[in-house]
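Everything on this sheet refers to the single structure shown next.
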Amino acid sequence: MLTGQLIAAVTTRGSGASRVIERDLLVTRNNLMVFVSGFVEPVFYLFAIDVGLGRLVGDVTGPDGGPVSYAAFAAPALLAASAMNGAVYESTFGIFFKMRWGKLYDAMLATPLTPTDVALGEIGWSQLRGLAYACAFMTVMVVMGLVASPWAVLAIPAAILMGFAFGAVGMAVATFMRSWVDLDMVNLALLPLFLFSATFYPLDVYPRSLQMLTQLSPLYHGVALIRSLTLGTIGPGLLLHVAFLAAMAVVGGIVASRRLHEQLLP
Amino acid sequence: MVARGLTKRFGELTAVDAIDFDVHTGEVFGFLGPNGAGKTSTMRMIGAVSPLTGGTLQVLDRDPATDGAEIRARLGVVPQENTVDEELSVTDNLYIYGRYFGMPRAQVRRRIPELLEFAQLTDRADDKVTVLSGGMKRRLVIARALINTPSMVLLDEPTTGLDPQARHLVWDRLHELTRQGVTLLLTTHYMDEAEQLCDRLVVMSDATIVAEGSPRELIATYAGREVLEVRFPPGHRYAGWTGLDGIGSRREVLADRVIIYGDDAEQLTSAVTHSGVEVASMLVRRASLEDVFLRLTGRRLIE
Ligand SMILES: Nc1ncnc2c1ncn2[C@@H]1O[C@H](COP(=O)(O)OP(=O)(O)OP(=O)(O)O)[C@@H](O)[C@H]1O
Ligand SMILES: [Mg+2]
């Protein structure tokens with residue numbers, strides 16, 4: 001079975017983080033439906049937009065001012081949003097559950113594994129999954145004719161960068177959470193990000209002041225980056241988005257690793 | 001294992017206050033003490049999962065601060081709270097735990113059947129652990145701790161929540177381990193468990209060690225030979241206190257009875273009878289570890 005081969009491939013190197021990943025693969029093998037649903041959801045959105053909403057809306061203004069079909073405009077945003085959601089759920093709900101309720105990490109840390117192994121393993125697993133989802137989604141986009149440029153290949157590493165950025169911040173946030181109620185706050189924060197980050201309509205439909213606000217949204221930077229790549233509107237401005245996301249990953253990562261050490265080894 | 005001035009503080013609270021002790025290779029060493037005495041905090045420092053606030057610690061001839069992973073590789077740990085992986089089956093729990101130790105896949109697989117046998121969970125091997133009873137989970141955690149054939153095993157209240165058969169089974173297996181030369185450190189609230197298993201033990205109270213020795217030594221030092229338990233008629237709880245003054249070498253007042261210590265129970269019995277105190281019943285028994293425990297830690301509960 002494919003999972004079995006993957007387990008073998010991932011773990012032959014034998015480092016601590018890979019054993020954490022092996023555990024997550026083992027769990028996933030028992031819950032394949034959950035894994036598949038993470039991929040199916042954005043694809044359903046894409047179909048709905050292509051056959052429904054897209055027909056109604058027609059063309060919209062792309063990043064370079066030219067017209068693009070609505071589906072080609074929205075698809076990269078769906079890819080970005082699913083990268084964000086995947087990373088945030090895994091790092092907040094996932095980590096919180098395993099740390100506080102499941103005591104999973106207590107068990108791991110009683111073995112030679114270290115908190116760094118645990119953190120790297122969990123991030124690595126989340127990214128492997130993100131990579132699988134991103135590749136699958138890109139394939140669907142290509143088949144549906146929504147990719148306009150070979151630059152689109154870079155949308156996959158861009159989605160991975162988003163995964164690091166949101167995963168690191170999510171993990172940092174998770175270390176501050178005390179109860180399930182705090183997790184509702186995560187949902188509350190994600191929804192406006194999802195709806196108002198120039199995901200479903202171009203930034204210039206907003207008044208000037210709102211545009212500035214949108215540019216503070218981390219998802220906006222992911223959407224703008226991936227959209228420019230799939231539509232082939234490349235410019236030096238994209239590096240700004242990359243820098244924003246990289247900064248998130250670094251700051252989130254520093255806070256998360258410091259807090260995790262304190263919490264896992266009281 | 002050597003601890004000197006071992007200290008653990010959580011903010012203002014001192015959980016372990018500069019304790020000294022040694023554990024010899026192949027020995028069964030116990031920690032007794034009331035809730036909150038600092039047993040688990042001590043075990044976690046020994047298990048290299050909790051940094052020391054002060055003092056020095058040598059585990060398996062290494063320093064947990066610098067060689068944590070190497071120490072943990074040779075330890076088996078049964079934590080006070082079960083830490084089974086709720087998302088995996090019984091077999092997969094053992095399997096992945098072995099993998100955490102870096103054991104080769106084939107070697108882990110070979111080891112699983114005997115550990116299932118040990119935990120008497122062979123017929124539940126493919127069940128998810130969520131459907132196991134509390135005692136079964138406990139047995140699984142104990143078996144899991146042995147997957148890496150450790151040279152030292154830390155057991156934090158290993159048999160809490162087990163039925164009597166399972167407890168005896170676990171004791172049996174622990175005796176077997178000591179015959180193989182494995183060092184055992186355990187905490188327990190069961191005095192019979194401590195008497196059964198421990199070569200030496202320490203009694204902890206309020207973050208410090210208040211007594212140390214073999215169960216027999218501790219009983220001789222702190223409880224004497226024989227014990228008389230005196231109970232009073234309903235409503236007369238403490239009425240006899242002053243009346244019993246001076247009888248025996250020492251008296252312990254509990255909520256429902258007075259315990260009198262001495263070397264000759266017959267003499268104690270007649271002294272109580274002649275004191276004129278109204279008594280409902282008297283019971284003579286040999287002094288036990290429980291008496292030691294009550295003497296060293298019990299007073300707080302009454303006040
Ligand atoms: N992570 C922690 N943060 C803050 N305080 C803690 C922590 N762990 C333990 N303590 C405190 O340290 C003290 C000693 O606790 P410990 O768990 O070592 O006791 P114990 O002897 O194992 O008790 P029990 O028999 O109830 O298991 C307690 O007052 C407890 O509240
Ligand atoms: Mg404890």
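Applying the set (1) part of a helix (DSSP H, G or I); (2) within 12 Å of ligand 1 (Cβ to nearest atom) to B:GLY36 leaves exactly one unmet item: (1). The lone criterion from (1) open to solvent by 20 Å² or more (accessible area, probe 1.4 Å); (2) within 16 Å of ligand 1 (Cβ to nearest atom); (3) within 13 Å of chain A (Cβ to nearest Cβ) left unmet by B:ARG105 is number (2).
Considering the range B:163-192, the residues that are open to solvent by 20 Å² or more (accessible area, probe 1.4 Å) and assigned to a loop (DSSP other than H, G, I, E, B) include one that is nearest to B:ARG139 (Cα to Cα), namely B:ASP163.
The set of residues in the range A:90-127 being facing chain B (nearest Cβ under 10 Å) and of a type in the set (Asp, Glu) consists of A:ASP106, A:ASP117. Remark: B:GLY76 matches the filter, which requires a residue to be more than 14 Å from ligand 1 (Cβ to nearest atom), open to solvent by less than 10 Å² (accessible area, probe 1.4 Å), under 25 Å from B:MET103 (Cβ atoms) and within 19 Å of the chain's Cα centre (by Cα). On inspection, B:ARG99 does not qualify as part of a strand (DSSP E or B), open to solvent by 10 Å² or more (accessible area, probe 1.4 Å), touching an Asp or Glu at 6+ places or on another chain (Cβ under 8 Å) and more than 16 Å from ligand 2 (Cβ to nearest atom). Here B:ALA166 does not qualify as in contact with a Leu (Cβ under 6 Å, 6 or more places away or on another chain) and either at negative phi or within 12 Å of chain A (Cβ to nearest Cβ) (or both). The residue that is farthest from ligand 2 (Cβ to nearest atom), among those in the range B:193-208 that are touching a Ser or Thr at 6+ places or on another chain (Cβ under 9 Å) and in a strand (DSSP E or B), is B:ARG200. Residues in the range B:61-79 that are in a loop (DSSP other than H, G, I, E, B) and more than 7 Å from chain A (Cβ to nearest Cβ): B:ASP61, B:ASP63, B:ARG74. For the condition out of contact with any Leu (no Cβ under 6 Å at 6 or more places or on another chain), within 16 Å of ligand 1 (Cβ to nearest atom), within 25 Å of B:TRP171 (Cβ to Cβ) and more than 12 Å from chain A (Cβ to nearest Cβ), B:PHE118 does not qualify.
For the range B:2-41, the set of residues classified as on the phi > 0 side of the Ramachandran plot and either within 13 Å of ligand 2 (Cβ to nearest atom) or more than 14 Å from chain A (Cβ to nearest Cβ) (or both) consists of B:GLY5, B:ALA18, B:GLY26, B:GLY33, B:GLY36, B:GLY38, listed by residue number. Regarding the range B:222-238, can at least one residue be identified that is over 15 Å from the mean Cα position of the chain (by Cα), touching a residue at least 40 places away in the same chain (Cβ under 8 Å) and closer than 27 Å to B:GLY5 by Cβ? So far as the range B:222-238 goes, yes, one or more of its residues are over 15 Å from the mean Cα position of the chain (by Cα), touching a residue at least 40 places away in the same chain (Cβ under 8 Å) and closer than 27 Å to B:GLY5 by Cβ.
Scanning the range B:132-160 for residues that are outside any loop (DSSP other than H, G, I, E, B) and either away from ligand 2 (no atom under 15 Å from the Cβ) or open to solvent by 40 Å² or more (accessible area, probe 1.4 Å) (or both) turns up B:GLY134, B:GLY135, B:MET136, B:LYS137, B:ARG139, B:LEU140, B:ILE142, B:ALA143, B:ARG144, B:MET152, B:VAL153. Scanning the range B:40-49 for residues that are within 18 Å of B:ILE209 (Cβ to Cβ) and open to solvent by less than 20 Å² (accessible area, probe 1.4 Å) returns B:THR42, B:MET43, B:MET45, B:ILE46.
The values are calculated or read from the model by the stated rules, or taken from the named source; none is laboratory data. Note that the structure is a prediction, hence the values are computed from the model and not measured. No Cβ is skipped: glycine too gets one built from the backbone with ideal geometry, and neighbour counts run over all protein chains shown. All accessible areas refer to the heavy atoms of the entire protein, side chains included, with ligands and DNA or RNA removed. Shrake-Rupley method; radii C 1.70, N 1.55, O 1.52, S 1.80 Å.
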